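Taken together, the values in this text are just the output of simple stated rules run on the coordinates, not laboratory data. Computed from a predicted structure; not experimentally measured. Note that we place each Cβ from the backbone using ideal geometry, even for glycine, and neighbour counts take in every protein chain shown.
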Amino acid sequence: MNYFKFVTLSIVFLSIVLSSGAFALDIYVDTKTKQLFSEPGVGREFVGTVKGVEVPATENNQEVNADDDQESKITEIKASNEALTTDSNIQIKQGKDGAFSIETADGNFNFKLGGRINVDASFSDHDHFTDAAGNNIEANDGTEIRRGRLKFEGTFYKDWFFKSEVDFADNNVAVTDMFIQYHGLGSARIRAGQQKQAFSRELQESANDLLFMERSAMNVLNQRTVNRAVGINVFSHGKSIFGLGQNWTGQAGIYGDTIVANNRNTFADEGWGVSSRVTFAPIAAPDKVIHIGVAGNYRKPNDAGEVIDEPLILAYETTHMSNLDLISTRIADIHNIKMLGIEGHGLKGPFSIGGEYTNSWIDLKDGTGPSFNFNGWYAEAAWTLTGESRVYTNGLFHRVIPDKAFSLAKGGLGAWELAMRYAEVDLNDGTFKGGELGNLTVGLNWYPNQIVRIMANYDKVLRIKDSPLIPKDGGRIDDLNTFMFRTQLAF
């Protein structure tokens with residue numbers, strides 16, 4: 001007889017033997033230790049009541065009836081306990097990415113908790129400028145919580161998925177992603193809610209996976225027009241198309257504006273846009289990838305002729321912390337915005353190289369002025385010094401997973417990655433001077449494990465034209481240096 005059976009028999013036996021007349025005893029089981037108790041407490045669940053039965057005063061009858069009652073109660077308690085443990089339908093798991101999940105054994109329901117923390121520091125050199133009015137302007141140096149997010153996601157009835165991610169950075173609470181998704185259509189899924197629009201690999205990829213701390217100068221054209229918005233998106237992917245054996249993805253969506261409600265003082269209807277992105281990977285092996293893609297976007301601003309309830313602002317900020325815009329322009333009375341994006345990337349073992357190009361056409365309302373043609377591009381290359389390959393799935397690249405996590409005891413180094421990027425954006429068109437900028441970014445990334453990443457970036461402005469800033473003391477605006485550091489935790 002094992003310990004659990006012994007304790008069970010002892011409690012039931014004593015409850016009956018010590019009873020006089022009718023007697024009832026509630027039994028509770030500790031869900032961890034499986035011990036039985038007669039009183040409620042933390043971690044204890046009620047399993048049943050043991051009752052004594054008054055019998056005739058003959059010794060033989062009392063002994064027989066007590067034995068029968070004892071046996072029946074032991075059987076009842078054992079059955080209840082087994083229902084709570086061996087037949088339990090709830091499983092708690094921890095994935096390799098560190099996220100915890102709770103799910104049912106049949107896979108119908110699951111709930112996952114995740115999040116991220118980006119702790120940044122940035123410092124600038126030769127950043128002393130004035131504006132046209134003579135006001136002093138320089139970069140803000142210091143530290144900040146760049147991102148601090150909590151993520152809740154889960155599945156209901158296997159086919160229904162939800163995600164809710166809230167950011168607490170900048171001492172504000174903001175919704176980043178919040179959507180419902182149906183994926184009971186094989187490789188296809190339909191998503192409704194606040195999400196990223198279908199445009200640009202760089203914009204689609206999470207900041208957790210980008211090679212650099214900030215997106216490229218090309219993102220000046222994307223950030224305010226095709227970033228997150230409320231809408232409906234249809235996505236699908238496959239292993240072959242037209243019998244060519246290519247890995248492909250395709251998505252298209254229609255979107256309104258961001259999740260932030262319209263300001264009641266604007267008296268404007270919400271704008272809308274449609275976008276689509278298609279990618280092909282003729283080669284998509286774990287250590288060898290060729291990726292090409294094309295994307296398009298059309299956006300119609302709201303009835304006030306504005307985007308996100310204000311004139312469209314296109315600006316390049318050196319870092320989120322700096323608040324220093326090297327080029328900046330505002331465009332009002334927009335009729336529509338059309339965009340085209342082209343992307344290509346290759347990966348072989350620890351090496352990767354690629355880039356993107358975006359062109360934007362902005363048409364103004366009839367009679368208010370000319371249309372504008374802007375463009376931006378970047379080229380980047382990376383080398384994982386420790387030999388790992390970046391991860392590629394469904395048209396996107398993801399961060400390196402180290403073969404051996406950093407450990408002083410076991411001798412692991414984690415993964416080390418060196419990256420370089422050159423980017424340009426051109427907001428000049430004829431007599432319209434929104435500014436031009438080209439910059440070089442060098443980055444060193446250390447991945448101690450799959451959850452933590454330490455990043456160091458150096459950014460150098462190499463060319464700039466038509467900036468609203470004026471260098472002080474005879475300096476040059478293209479002499480600006482920016483140093484950035486980040487500690488990232490993402491699970």
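Taking 7 Å along the Cα-to-C-beta vector as the label spot, tell me the Asn140-Ser240 distance in nanometres, rounded to one decimal.
Result for the modelled spin labels: 5.6 nm.
With each label point set 7 Å from Cα along the Cα-Cβ vector, what nm distance links Phe152 and Ala192?
Distance between the two pseudo-spin positions: 2.1 nm.
Go through segment 173-182 residue by residue and turn each phi into a ³J(HN,Hα) via Karplus (6.51, -1.76, 1.60, θ = phi - 60°); whole Hz please, and just put x for glycine and proline.
10, 9, 8, 9, 10, 7, 8, 10, 9, 10
Check Arg228: other-chain or 5+ apart residues with amide H under 5 Å from its amide H, H built from backbone geometry?
Residues meeting the amide H criterion: Gln197.
Please list, in chain and number order, the residues 5+ apart from Thr319 or on another chain whose amide H is under 5 Å from its amide H, with Hs placed from the backbone.
Leu324
Just add up the charged neighbours of Gly411: K/R +1, D/E -1, any other residue whose Cβ is under 15 Å from the Cβ of Gly411.
Surrounding charge for Gly411 is +1.
Starting with the fewest neighbours, write out Val234, Val461 ranked by other beta-carbon atoms found within 10 Å of each beta-carbon.
With the sparsest Cβ surroundings first, the list reads Val234, Val461.
Starting from 0.36 nm per residue, how many nanometres of slack lie between Ala409 and Asp125 once their C-alpha separation is accounted for?
Result for the pair: 98.3 nm of gain on full extension.
Obtain the nm distance between the two label points defined at Lys465 and Phe111 by a simple spin-label model: each point lies 7 Å from its Cα along the Cα-to-C-beta direction.
5.8
Cα-Cα over 22 Å: which of Lys338/Lys365; Lys196/Lys300; Lys338/Lys433; Lys300/Lys465? Could you put the intermediate results ahead of the total?
On the way: Lys338/Lys365 14 Å; Lys196/Lys300 17 Å; Lys338/Lys433 20 Å; Lys300/Lys465 30 Å.
Among Lys338/Lys365; Lys196/Lys300; Lys338/Lys433; Lys300/Lys465, the Cα-Cα distance tops 22 Å for Lys300/Lys465.
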